1. For region 165-279, what class follows from the C-alpha gyration tensor (a ≥ b ≥ c being the square roots of its eigenvalues): rounded when a/c is under 1.5, otherwise prolate if a/b is larger than b/c, else oblate?
2. Which angle from 0 to 90°, rounded to the nearest 10, does the C-alpha axis of helix 272-300 make with the longest principal axis of the chain?
3. Pairs of Cα atoms under 8 Å, at least six residues apart: use those to get the relative contact order of region 17-334, whole percent.
4. For TRP113, TRP338, give the ranking by accessible area with the largest first, probe 1.4 Å.
5. Could you check how much of the accessible area of region 17-334 is carbon and sulfur, as a whole percent, using a 1.4 Å probe?
6. Whole number in Å², please: accessible area per residue of the chain, 1.4 Å probe, ligands, DNA and RNA not counted.
7. What 222 nm value per residue comes from the helices of the chain, counting each DSSP H run with n ≥ 4 as -39,500 (n - 2.57) and dividing by all residues, nearest 500 deg cm²/dmol?
8. Could you give the angle, 0 to 90 degrees to the nearest 10, between helix 308-351's Cα long axis and the longest principal axis of the Cα atoms of the chain?
Amino acid sequence: MDLLALDPTKFIDLTASGVCFLFLVGFIGGLVSGFIGSGGAFVLTPGMMSLGVPGTVAVASNMCHKFPKALVGAIKRFRYGQVDVKLGLVMAASAAVGVQIGIRIQQVILEKWGQVGSDLYVSLSFVAVLVLVGGYVMRDALRCARCGGVETTAPLALRLQSIELPPMITFRRSGIRISLWFTLPVGFATGMLAATIAVGGFIGVPGMIYVMGVPGLMASATELVIAFVMGLGGSINWAMHGMVDIRLVLIILGGSLLGVQLGAIGTTYVREHMIKMVMAVIMLIVAVSRGIALPRYLVKLGLMDMSPEMLDVLGKISFASMCLALLTGAVIILGSMWKGRAAAREEAHGQA
């Protein structure tokens, strides 16, 4: 018997309120995915874990729902001329390798420290990556907003593009020419994180923007192509280890397919720095939520002492902050869409 296969009794019992919450999480995750190009995992995985879903099940189920949703979003944004298919396929090749290694890392952690150790690893990874990437993206979004919303190529990307290291690849859709060797680390890191914590987009999108010099809208759309390839391969691997809860997959997928359509439409009405702003705000709030949840796992591992009452309070605060992240993301995206559409209508009436 596979030691990594999860006992079905550890799958959570679903109540009506839990189903509604998961559908809402899926909708906002899809909204975020269609808008910023991430698979929405930094919303979905913590959202499932806040209901008591084990970390590995949340990661696996999230990845399983990701590839059909990413396909829908990629097709939608391809019609808007925002997808660089060539770049997506090149990045997906190295990301696929990263996915398999990331899954193996999770398997090793499960073998040595059990489910609690895996939950702690997922939460710690979320906090560390979300704070670092979210903080950097927020700083860049504020800088871009001060300069009138005009996006400029990052200095690092300009330096890397100037290095002639064969083989050089031209991505005409994105308007860049860069060495293949500089695309590999970005793709690999995207895949590895996607497999270990079901998060790849908020590494892949900033990586394409700040390392490779891809425009924000193009990067966020092309990430959906990578997410489709990673999600398909990773889902098969996770399912073979009995980690996918198909109930969770179908519920969040139902909400996500609705949200991803709205998110993709929203990109046609906003400036590129707003995509970065939304990404950063949600990342930082979710980081707070996962940080508050850390003591629960540390207590279970015997690494710290805390009263059950205090753990219960922290759990409620963590759940509330997660809800705040969901609502904040939805309000910013839908509000930006509304303002952008109103401005477009006024401009059309003025020209008429």
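The values are calculated or read from the model by the stated rules, or taken from the named source; none is laboratory data. Computed from a predicted structure; not experimentally measured. Note: areas computed on protein heavy atoms with side chains; ligands, DNA, RNA excluded. Shrake-Rupley method; radii C 1.70, N 1.55, O 1.52, S 1.80 Å.
1. Numbers: a/c = 2.53, a/b = 1.29, b/c = 1.96.
In terms of gyration-tensor shape, oblate.
2. 10 degrees
3. On the way: 588 pairs, mean separation 118.7, N = 318.
For region 17-334, the relative contact order is 37 percent.
4. Values: TRP113 150, TRP338 200 Å².
Accessible-area ranking of TRP113, TRP338, largest first: TRP338, TRP113.
5. Numbers: 8450 of 11730 Å².
Carbon with sulfur: 72 percent of the solvent-accessible area.
6. Details: 14690 Å² over 352 residues.
For the chain, the per-residue accessible area is 42 Å².
7. On the way: 11 runs with 267 residues, N = 352.
Helix contribution divided over all residues of the chain: -27000 deg cm²/dmol.
8. 20 degrees
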